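To start, the structure itself, in structure tokens.
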Amino acid sequence: PAYHGGPAWLANKLGYFEELCLDATLPVYRSGAPQVNEISTWSVGSAGSPPNIQGWTQGVLKTVGINNDESSTNALVANAEGIASWASILAAGTLGDTKITVSPNSTGELVVEECLKKYNVSFDPLTNFVYNSTQVGVFASLSDPDGNDFGSLWAPTLYSAVETWGKESIICNGDDAGANVIGGIMVSNEADETNTETAALAIAAYLKGITYFQMYREKSKAYLNEFYVEQGFPPLSPEALDIEFSRPLYNLDEQLQMLAKDEGGKSTLGSWFQETVDFMFEAGIIPSR
């Protein structure tokens with residue numbers, strides 16, 4: 001489950017789908033890749049930028065909006081030992097033998113690279129990055145005395161680091177590094193071609209959930225924790241909820257602004273997605289830009 005799933009869960013709980021004569025089911029996925037793989041089972045979805053882009057390359061979906069900006073909650077993180085050693089790494093201008101545990105080919109890896117570039121710290125992914133495909137594994141490495149002192153984490157696992165080692169454990173996030181990490185609202189090509197009105201109504205209900213999150217922040221924090229607990233996760237602390245709600249959500253008017261193209265034919269949303277497209281192409285994940 002993710003923060004951007006909260007408004008959809010809320011929309012279902014408060015009857016926004018039902019108001020539009022929709023009988024919605026809301027499967028929750030642990031990550032975006034399996035969600036895209038099961039696209040035949042859903043019409044409208046929400047996921048991070050890599051699954052959106054993967055869906056484009058497979059020709060199975062369209063991205064029709066932004067679900068949230070998660071740049072501030074995608075970070076290079078350190079445990080206590082890493083926090084203590086960061087100043088010496090900055091002074092040396094190189095990671096040297098220091099290892100960072102990252103999830104491969106992810107926006108987390110992108111943010112780590114951009115953070116190191118921001119601080120002029122030289123690195124070699126082949127020797128400095130240790131790959132672990134799960135956020136649980138990255139956090140376990142940080143927590144293990146024999147593990148690595150640095151890692152790439154995003155919400156909600158990021159909050160486990162904050163609760164364990166404090167806010168200073170966030171060495172650098174996407175906002176700091178100028179890396180735009182976003183997610184997209186997706187519509188399957190099948191729904192777009194055969195059931196456009198239903199897909200549009202589902203998006204309308206979701207956007208109404210987003211507006212509720214924007215207008216009623218404290219109530220929405222309680223609802224978000226209810227959503228997380230329902231999915232088997234512990235409730236977030238007040239500090240973690242404050243960080244979570246620092247992530248921008250976009251109502252209809254703001255969506256239209258993000259999608260509006262300038263004289264050169266470029267939109268803000270398109271430009272932000274292009275950053276991840278470039279990263280995925282250079283990493284060999286997708287065949288073309």
| query | Within the range 108-136, how many residues are within 24 Å of residue 182 (Cβ to Cβ) and assigned to a helix (DSSP H, G or I)? | reply | 14
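From 59, 65, 93, 108, grab the single residue that is under 25 Å from residue 280 (Cβ atoms), of a type in the set (Gly, Ala, Ser) and open to solvent by 10 Å² or more (accessible area, probe 1.4 Å).
Values: 65 fails: open to solvent by 10 Å² or more (accessible area, probe 1.4 Å); 93 fails: under 25 Å from residue 280 (Cβ atoms); 108 fails: open to solvent by 10 Å² or more (accessible area, probe 1.4 Å).
Just one listed residue meets the conditions, 59.
Inside the range 25-44, can you point out the residues that are among the aliphatic types (A, V, I, L, M), assigned to a helix (DSSP H, G or I) and surrounded by fewer than 18 Cβ atoms within 10 Å (Cβ to Cβ)?
Correct list: 33 only.
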| task | Considering each residue of the range 60-91, count those that are in contact (Cβ under 8 Å) with a residue 24 or more places away in the chain and part of a helix (DSSP H, G or I), and give that number. | result | 11
| Number of the exception - residue 225 against (1) touching a residue at least 24 places away in the same chain (Cβ under 8 Å); (2) surrounded by 14 or more Cβ atoms within 10 Å (Cβ to Cβ); (3) farther than 23 Å from residue 49 by Cβ | (1)
| query | Pairs under 8 Å by beta carbon, first residue basic (Lys, Arg) in the range 252-280, partner surrounded by 14 or more Cβ atoms within 10 Å (Cβ to Cβ), six or more apart or different chains? | reply | 261/267; 261/270
| request: Output the residues belonging to the range 205-222 that are open to solvent by less than 50 Å² (accessible area, probe 1.4 Å) and not aromatic (Phe, Trp, Tyr). | output: 205, 207, 209, 210, 211, 220, 221
| request: Could you tell me whether residue 105 is closer than 24 Å to residue 124 by Cα and either among the hydroxyl-bearing types (Ser, Thr, Tyr) or at pLDDT below 95 (or both)? | output: yes
| Selected residue (criterion: farthest from residue 65 (Cα to Cα)) from residues of the range 228-256 that are polar (S, T, N, Q) and out of contact with any strand residue (DSSP E or B) (no Cβ under 9 Å at 6 or more places or on another chain) | 237
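Considering only the range 253-289, state which residues are assigned to a loop (DSSP other than H, G, I, E, B) and not basic (Lys, Arg).
Step one: of the range 253-289, the residues assigned to a loop (DSSP other than H, G, I, E, B) are 260, 262-266, 283-289.
The answer is 260, 262, 263, 264, 265, 283, 284, 285, 286, 287, 288.
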| request: State all residues of the range 128-151 that are open to solvent by 60 Å² or more (accessible area, probe 1.4 Å) and without any contact (Cβ under 8 Å) to a residue 12 or more places away in the chain; if no residue qualifies, say none. | output: 144, 145, 146
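Scan 287, 234 and give me the residue that is closer than 18 Å to residue 49 by Cα and at pLDDT below 95.
When all the criteria are applied, what remains is 287.
The values are calculated or read from the model by the stated rules, or taken from the named source; none is laboratory data. Source: prediction; values computed, not measured. A quick note on method: Cβ atoms are made from the backbone with ideal geometry, for glycine too, and the neighbour counts reach across all protein chains shown. Ligands, DNA and RNA are stripped out before the accessible areas are found, and what is left, the full protein with its side chains, is counted by its heavy atoms. Shrake-Rupley method; radii C 1.70, N 1.55, O 1.52, S 1.80 Å.
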